[in-house]
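Data block below; observations after.
Values quoted throughout were computed directly from the atomic coordinates according to the rules given, and no laboratory measurement underlies them. Worth saying up front: this structure is predicted, and the values here are computed from it rather than measured. As a convention, Cβ positions derive from the backbone with ideal geometry for all residues, glycine included, and neighbour counts pool all protein chains shown.
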Amino acid sequence: MRGFGDLETVIMHMVWDHDGPVTVRELFDELRRERVIAYTTVMSTMDNLHRKGWLDRVKDGKAYRYTATASREEYSARLMREALDGGGDPELVLSHFVADMDGTESEVLRTVVRRLAVRRVWAPQRGGGRRSGAGAERGGGKSTARGRDQQSAGAGEAERRPG
């Protein structure tokens, strides 16, 4: 996985900023206030994002209504995972990353690590027992932005690898 292109990034942020499904026309109308752009450019970019698995779409009359398949935070976590996987020695990469954090970010990281440590020890197995270890936090289903518990999104996605 690599990051979005420039227009893909703008469109994904617009989709994430809307409360519900959006049409090409709605995003086009917003975008053309900021830049010169063709409707077909917005349409083909959204179609590409759909084919790449970043947008779901449902037919609504003659148009499609699009929703994001992952939250902004899940996307960011996937980019971080990719950077960690391809960045050399993970300990050094993480050391540099953490060294650049401010105090608030460091405290958030400590909170997430503590929460994950507790979940690893007490996470129920599918069969009903308890288990610990790296796989305890990973779920089996595909994660989506809709209907997501925000508290578990922050903790659970920190470990999930891109699908």
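Couple of notes before you dig in:
- Residues in the range 7-25 that are touching a residue at least 24 places away in the same chain (Cβ under 8 Å), part of a helix (DSSP H, G or I) and either touching a His at 6+ places or on another chain (Cβ under 8 Å) or hydrophobic (A, V, I, L, M, F, W, C) (or both): 7, 11, 12, 15, 16, 24.
- Test: residue in the range 81-90 that is touching a residue at least 12 places away in the same chain (Cβ under 8 Å), assigned to a helix (DSSP H, G or I), over 28 Å from residue 28 (Cα atoms) and not acidic (Asp, Glu): yes
- Restricting 28, 4 to residues that are surrounded by 17 or more Cβ atoms within 10 Å (Cβ to Cβ) and part of a loop (DSSP other than H, G, I, E, B) narrows the list to 4.
- Restricting the range 41-75 to residues that are closer than 16 Å to residue 10 by Cβ and without any contact (Cβ under 8 Å) to a residue 12 or more places away in the chain, the residue that is surrounded by the most Cβ atoms within 10 Å (Cβ to Cβ): 47
- The residue that is surrounded by the fewest Cβ atoms within 10 Å (Cβ to Cβ), counting only those in the range 15-25 that are closer than 18 Å to residue 70 by Cβ and not charged (D, E, K, R), is 20.
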